[in-house]
Amino acid sequence: MDFKVIVKEQREELQDIESTERIITRDSLKDGSKYLEHPNILAILGIRRCGKSIFSYLLAKEKNFGYINFDDERLVGIKASDLNRVLEAFYELYGDVDLIILDEIQNIEKWELFANRLRRTKKVIITGSNSKLLAGELATHLTGRYIDIQLFPFSFCEFLNMKHFKRSSVYTTKEKAGLFGFLNEYLKVGGFPEVYKFGKRILPRLYEDIITKDIIFRYGIRKREELRMLARYLVTNFSKEISYSKISRILGIKHVSTVSNWISYLEQAFLIIKLERFDFKLKQQFVAPKKVYCIDNGIVNSIGFGLSENLGRLMENTVAVELQRRCAIDRTFEVYYWKDHQQNEVDFVLKKGPKISRLIQVTYATSRDEIDDRETKSLLKGARKLKCKDLLVITWDLSGDEEISERKVNFTPLWSWLTQKNQ
């Protein structure tokens, strides 16, 4: 195997993309640059095809670097013992490189010691499509010596940047109409970069790659059709409560533990987001139903059934993903949902340390009379139960504060919440 040819061709491919396509600067690029000031390992994790390779290249392009992407059919079967030959290829092509990118490194078993050796003298970027990439031997060897960034599909702000829409604190009627048009598109098409290059037809292929490569092959799943049924069920039933035992019965999967494991695999591949029901008693939290959301609305509308016009649920899914994006930056926050025995429900509960910091409801409403009384009633009930004063209702186009039962409730349009980081 000629590693020099592979390394050279892969790097030229990235350079061609940069020179021929418009690259959207990701919000977390500055953080990534800061983390590479000293010899270190920077791990960039996220769902397949969300832009990790280009992100890594942009971090490295001003340096003398070596790059290899192990998600290449020519590298199938490569072992950890071959990685030194990759390093030799870098030296022969580029001289004494000071930064090395190992893209989709989870495809190589026992890669950790190689990365650990490199980081003593080099800056190292590793990328992976599995959240457990750092849970093994690397974490044992590198306690406190690596930093990870989670990359998502485009945020709404990044999407607007791609569309050349200039954000402002005040919008004209025409600008606002354009903003809502883009929000509608974002809610239905999602944020995967390649969708805006190849069209929506790429989404089913992307979904199948995630299921096949990142779950079935990685974990050696034998009951492949049952796994596919489970994944489609979860994507279709996003924002709804799920019970492992109920899913087991519906899909005919014999063991509930199998359902639990498979859902964990889907979560580790970043396809779904799982929320626990908040309870001050951890035992109750453990046994209560969960909620799942999909990492991208485009996948929802490509794989789910008849969901493109259900803007309320698509809004809720978008908020769930954005909350995860913000919690990946500020990891002192945790996200839950809440429900009591009277079926009062709050979509999102934000916990910071030991305290509940904010409650969020999401509703497709453009005026106050369109908001179901049950939603505000549930929000107020949750506020009393969880001792929280910061109450937010994310709407389609309703803004302002209102005093309800002696509690202030803030109503904020989705576009405003998505574009204001302090929200």
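What follows draws every value from the coordinates through simple rules; no lab data is involved. A quick note: this is a predicted structure, and the numbers were derived from the prediction, not measured. We place every Cβ from the backbone using ideal geometry, glycine too, and count neighbours over all the protein chains shown.
If the only charges are +1 at each Lys and Arg Cβ and -1 at each Asp and Glu Cβ, what is the size of the charge dipole of the stretch 310-423 around the Cα centre, to the nearest 20 debye?
Numbers: 20 positive and 18 negative charges, 145 e Å.
It works out to roughly 700 debye.
For the stretch 3-151, what's the relative contact order in percent, using C-alpha pairs closer than 8 Å and at least 6 residues apart?
Computed value for the stretch 3-151: 36 percent relative contact order.
So which lysines pass the test for Lys4, namely a Cα distance under 29 Å, with those fewer than 8 places away in the same chain ruled out?
Lys52, Lys61, Lys63, Lys79, Lys110, Lys122, Lys123, Lys213
Using modelled backbone amide H atoms (1.01 Å from N, in-plane), which distant-in-sequence or interchain residues come within less than 5 Å of Lys122's amide H?
Here the answer is none, since no amide H 5 or more places off falls under 5 Å of that of Lys122.
Report, to two decimal places, the Cα Rg of the chain normalised by 2.2 N^0.38 Å (N = number of residues).
Details: Rg = 22.7 Å, N = 423, 2.2 N^0.38 = 21.9 Å.
Dividing the Cα radius of gyration by 2.2 N^0.38 Å gives 1.04.
Which residues in the stretch 391-423 have a backbone N closer than 18 Å to a point placed 7 Å from the Cα of Lys30 along the Cα-to-Cβ line?
Of the residues in the stretch 391-423, 419-423 have backbone N under 18 Å from the label point off Lys30.
Under a point spin-label approximation (7 Å from Cα along Cα-to-Cβ), what is the Ser257-Ser245 distance to one decimal in nm?
Those two pseudo-labels are separated by 1.7 nm.
Specify which residue in the list Val349, Ser416, Thr395 is farthest towards the positive end of the charge dipole of the stretch 310-423, using unit charges on the beta carbon of Lys, Arg (+1) and Asp, Glu (-1), about the Cα centre.
About the Cα centre, the residue reaching furthest to the positive side is Val349.
Under 18 Å from a label point 7 Å along Cα→Cβ of Lys385: give me every residue in the stretch 354-369 with its amide N that close.
355-362
With a cut-off of 15 Å, note down the residues of the stretch 98-113 whose backbone N falls inside the zone around a label point 7 Å from the Cα of Arg145 toward its beta carbon.
Correct set: 112-113.
Nearest 5 percent is fine: what portion of the DSSP beta bridges confined to the chain is antiparallel?
Values: 22 of 52 bridges.
Rounded to the nearest five, the antiparallel share is 40 percent.
Along the Cα→Cβ direction, 7 angstrom out, place labels at Lys61 and Lys8. What is the inter-label distance in nm?
Taking the two extended label points, one gets 2.2 nm.
Out of Val124, Ala89, Ile101, whose Cα points farthest toward the positive end of the dipole of the stretch 3-151 (charges: +1 Lys, Arg; -1 Asp, Glu; placed on Cβ)?
Selected residue: Val124.
Roughly what would the spin-label model give for Gln343 and Glu88, points 7 Å off Cα along C-beta, in nm?
Label at Gln343, label at Glu88, 6.9 nm between them.
Hey, can you list the DSSP H helices of the chain whose Cα span along the axis is 20 Å or longer and whose average Kyte-Doolittle score is at least 0.0?
Numbers: long enough: 3-20 (26 Å, -0.79); 173-189 (24 Å, -0.12); 311-329 (27 Å, 0.19).
Span-like helices here: 311-329.
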